Amino acid sequence: MSEVFTTAVMVAVLASAIRLAVPLLLAALGETFGQRSGVLNLGVDGIMLLGAFTGYYAVLKTDNVWLGLLAGAIVGLILGLASAVIAVTLKAEQGISGIGVFLFGLGMSDLLFQKLVGTPIPISQFPQLDIPLLSDIPYIGEIFFQHSLVIYLAFLSIPVATFVINRTTFGMKIRAVGEYPDAADTLGVSVAGVRYATEIIGGTLAGIAGAVLAITLGIFQQNLTNGAGFIAIALVYFGAWRPTGIMLGALLFGFVNALVLELKTQEIIPRDLSNIASMAPAIITILALVLVARRFRAPSALTKPFTRGK
Amino acid sequence: MSVNLSHQQRRILAYSIPVLAVFAALLFGAIMLVLLGANPIEGYSEMFVGAFGSGNALIATILKATPLLFVGTGIVIAFRANVINIGAEGQMVLGGLFATMAALYLPDLPAIIMVPVILLAGLAGGALWGWIPGMLKAYYRVNEILSTIMLNIVAVQLMSYLLRGPLIDPAEIEKGTRIPQTERLMESADLPIIFGDRFHIGPILAVLCAIATYYLLWRTPLGYRLRAVGLSEHAARYAGIPVRRTIALALTMSGALAGLAGAVLVFGSESHRMVTDGSTMGFTGSAGFNGIVAALLGGLHPLWTIPASFLFGGLIVGGQALQRAVQVPSALIVALNGLVVIFVVAADRYRVKLLTTDGRDEEIADDGSMPLDDDDSALGSVYDAAPRGTESYGQDEFGEDPR
């Protein structure tokens, strides 16, 4: 037992918690934009998987991690646009169409991997970028300031998202469309336009999240995300549709994942029980949903397609 | 465009829309096949022959359609009560596990007792896995889409744990191969074969369940309550219907039918074991998701779900034949499956539009009042209802506790 609680191990677990939180954070942040405007995109996991594969493939071919990110973002953007067509224009039942997007992403990413790559070849990962001075602080430095640039940027996107949603005209339109689409429409805001924009933002961020995941792990395999996209959607509820809440939730999940991983490698959790330990994120999600569901209210137009004059 | 159509024409068009959506998805699939360097015409003809071309193919299709019909029937119940059950995958797993445990731990009894016992065990397992999100939705306002997805994840881990540990075939430990599967389950629990060497009673049970569900929904007070809650929670509450209990019950029944599908999968399988590859889809073949599509194809009507499941079963069996014939990775079938889901769901609104604008104003249903005509409401969909799943969040939707 003792070796889990040494400071060195705890510091490593916390640092890895931050790294593991980032894909969840980015995907959940993207989903927040969509949900605040009234669209539930359940296909995040599928978009992440395709973003992960294209990101992986781009790095494999060019050996440039930033091109990998860009490739993931482009695929995410296209799929975000497709999701918008399905949910906004065709007004599909959002709870189910997203499952279709998920299955498509799951199958397609695997198919492309088998056709274009075949055997898993490791790729280069993000270079570590220590923040001068700050990274030298004992413990704190190792936990917070010895990551790659992507990790810092992901956390920087939290205040940016908060600002955009709460302080800009675009953010106001998003909230108006998500709460009172009829009123917004009357005032000349294009409900469909705003929702297209938020779905594209959400898709792009999900694509980036997938690429970050693949490049951080340096590998791609079938169902790489293992349900991370669904956890990300739950995080939006958990974080009460606010970027800061979502960040806290993502960090909590990153921590749980890092801890379970560490306990498994140290065989404190016996191998036979590792499946039981893997239930932790899903069970915590359900408990968290129970706690927040009564306290916070979802955007009133969430999952409701908008038709003028109804 | 629909203005000039007669009543009859509209109906026919409405029923052909989901089928057209499937064809649209297959057209998309044809493009993918071309990109993969395969001949789509050859592929699709193999698909058709593989699904419907011979007696054997038809039996395979019917057996594949069986879990879809169980799940789809459950989905119809949930949808009619305005609940979206994405958790059938996990409910099937729990049903399979409960039924397997019943067979492993109970003494060997005659088949006439064992078969009903394992089916009931499966029913109970699925019901439990539906009851949890049902209670959470009804009493804690937890979105059922999210909770059922999470419970799918819990179910697959539970299955892996049990089949690698407590339930593993002792022979696997001896050999050291440790394949996560049970021993060959007792023969008295095998689903009785009706004809041939593998056509068991499962399909008959599924059809009976669909007929019973039709009767339940339109001929009993409980069915009336379920549909009333689905059309308008407010109106249902004013009518004195216990809304929360009805919502929880809808998900429980939906789960129970999925659980039955899980039990039938295990005891109707050729190996008569429960096996896992570490994913839900490895056990269910995505029937938990495809059952939703079958229900939508069937216009959310239990009886129409029977032919819809048959068609969808053919699509899956044919898809496997296609994949073998033109030598493409099986991942293509998963991707195609996703496209079919998207196209059918996206087209569903147009089907509903054709039916609801028929003869009476769409607004009537959307105001939350009850449609007067029984027959028409049977052909409608969850979109007729004003309140939708997620919006009941934190809003004053439930009023006081009916307990």
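Side notes on the structure shown:
- Candidates A:Gly210, A:Gly254, A:Gly218, filtered to the one that is over 14 Å from the mean Cα position of the chain (by Cα) and away from every other protein chain (no Cβ under 14 Å): A:Gly218
- Top-ranked residue of segment A:286-310 - restricted to ones that are among the hydroxyl-bearing types (Ser, Thr, Tyr) and at the interface with chain B (Cβ under 8 Å from one of its Cβ atoms), ranked as farthest from the chain's Cα centre (by Cα): A:Ser300
- Pick from segment A:130-158, criterion under 24 Å from the mean Cα position of the chain (by Cα) and of a type in the set (Gly, Ala, Ser), ranking: nearest to A:Leu251 (Cα to Cα): A:Ala154
- Taking helices (runs of 4 or more DSSP H) as the structural unit, those lying wholly within segment A:210-291 and holding at least 2 residues that are surrounded by fewer than 16 Cβ atoms within 10 Å (Cβ to Cβ) correspond to A:243-265.
- Of the set (1) modelled with pLDDT under 95; (2) closer than 21 Å to A:Leu129 by Cβ, all apply to A:Gly55 but (1).
- The requirement of being touching a residue at least 60 places away in the same chain (Cβ under 8 Å), touching a strand residue (DSSP E or B) at 6+ places or on another chain (Cβ under 8 Å) and more than 13 Å from B:Thr66 (Cα to Cα) is not satisfied by B:Met253.
- Among residues of segment B:162-189 that are within 19 Å of A:Leu273 (Cβ to Cβ), those with a beta-carbon under 8 Å from a residue that is of a type in the set (Gly, Ala, Ser) at least six positions away or on a different chain give the pairs B:Pro180/B:Ser160; B:Pro180/B:Gly278.
- Considering segment B:295-354, and only residues there that are modelled with pLDDT under 90 and part of a loop (DSSP other than H, G, I, E, B), the residue that is nearest to A:Phe113 (Cα to Cα) turns out to be B:Pro329.
- Residue match in segment A:163-170 (condition: over 22 Å from A:Gln125 (Cβ atoms), in contact (Cβ under 8 Å) with a residue 60 or more places away in the chain and not in a loop (DSSP other than H, G, I, E, B)): yes
- Of the residues screened, B:Thr220 is not one that is in contact (Cβ under 8 Å) with a residue 40 or more places away in the chain, under 17 Å from B:Gly74 (Cα atoms) and not acidic (Asp, Glu).
- As for segment A:38-59, it holds at least one residue that is within 14 Å of chain B (Cβ to nearest Cβ) and more than 16 Å from A:Gly229 (Cβ to Cβ).
- Residue count for segment B:143-167, restricted to those that are facing chain A (nearest Cβ under 7 Å) and either in contact with a Gly (Cβ under 8 Å, 6 or more places away or on another chain) or small (Gly, Ala, Ser) (or both): 8.
- Listed by position, the helices (runs of 4 or more DSSP H) enclosed by segment A:1-119 that each have at least 2 residues that are of a type in the set (D, E, K, R) are A:7-36, A:44-62, A:94-116.
- Extreme residue, nearest to the chain's Cα centre (by Cα), among residues of segment B:214-258 that are in a helix (DSSP H, G or I) and of a type in the set (Val, Ile, Thr): B:Thr252
- Residue check, B:Glu174 in a helix (DSSP H, G or I) and either within 14 Å of chain A (Cβ to nearest Cβ) or over 17 Å from the mean Cα position of the chain (by Cα) (or both): yes
- One residue alone among A:Gly141, A:Gly178 is over 25 Å from A:Leu69 (Cα atoms) and surrounded by 20 or more Cβ atoms within 10 Å (Cβ to Cβ), and that residue is A:Gly178.
- If you filter segment B:322-350 down to residues that are more than 11 Å from every other protein chain (Cβ to nearest Cβ) and surrounded by fewer than 21 Cβ atoms within 10 Å (Cβ to Cβ), you find that the one that is farthest from A:Ile47 (Cα to Cα) is B:Ala325.
- Residue in segment A:163-171 that is crowded, with 19+ Cβ neighbours inside 10 Å and within 30 Å of A:Arg308 (Cβ to Cβ) present: yes
- If only residues of segment A:270-285 that are more than 7 Å from chain B (Cβ to nearest Cβ) and in contact (Cβ under 8 Å) with a residue 12 or more places away in the chain are counted, the one that is farthest from B:Met150 (Cα to Cα) is A:Ala277.
- Only one of the listed residues (B:Leu231, B:Leu226, B:Leu151, B:Leu191) is more than 28 Å from B:Arg141 (Cβ to Cβ) and either crowded, with 20+ Cβ neighbours inside 10 Å or not aliphatic (A, V, I, L, M) (or both). That residue is B:Leu191.
The values are calculated or read from the model by the stated rules, or taken from the named source; none is laboratory data. Because the structure is a prediction, the values reported are computed rather than measured. Note that we place each Cβ from the backbone using ideal geometry, even for glycine, and neighbour counts take in every protein chain shown.
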